[in-house]
Amino acid sequence: MILRREFITLLGGAAAAASWSFAARAQQPQVPVVGLLRNTPSASFEHIVAALRRGLAEAGFVEGRNVVIEQRWAEGRDDRLPALLADLVDRKRR
């Protein structure tokens, strides 16, 4: 039979372990995400993406190492912009 004191100790230890695990995950640095949203076709604006990467590199950010670049292109269809924007915003929650 588990004594009350042993049960409380066991319960307290489990809670401490759970909070330590959560704290360890919370302290891991998150990689910043840069969203690029355009209503143009992606093929004709590769120079914009290249310039963005160069600018980020000058600031010490390298895609795939310490920054993520998420691109969304509406391919000339403005009606797609709200859904693409929502997808970029929702990406943070995934």
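Every number in this text was worked out from the coordinates using simple rules, so none of it is lab data. Values in this document were obtained by computation on a predicted structure and should not be read as measured data. Neighbour counts run over all protein chains shown; Cβ positions are idealised from the backbone, glycine included.
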Practice task
Would you mind checking the stretch 53-94 for residues with the amide N under 20 Å from a putative spin-label position 7 Å along Cα→C-beta of Gln30?
Solution key: 61-72, 85-94
Fill in the blank from the handout: Cβ-Cβ cut-off under 10 Å around Ile69, Lys and Arg +1, Asp and Glu -1: the net charge is -1
Fill in the blank from the handout: Amide H proximity to Gly35 below 5 Å, modelled H, separation 5+ or other chain, gives Glu70
Fill in the blank from the handout: When Glu46, Glu70 are ranked with the fewest other C-beta atoms within 10 Å first, the list becomes Glu46, Glu70
Problem - Interchain or long-range residues, amide H under 5 Å from Ala74's placed H - result: Arg38, Asn39, Thr40
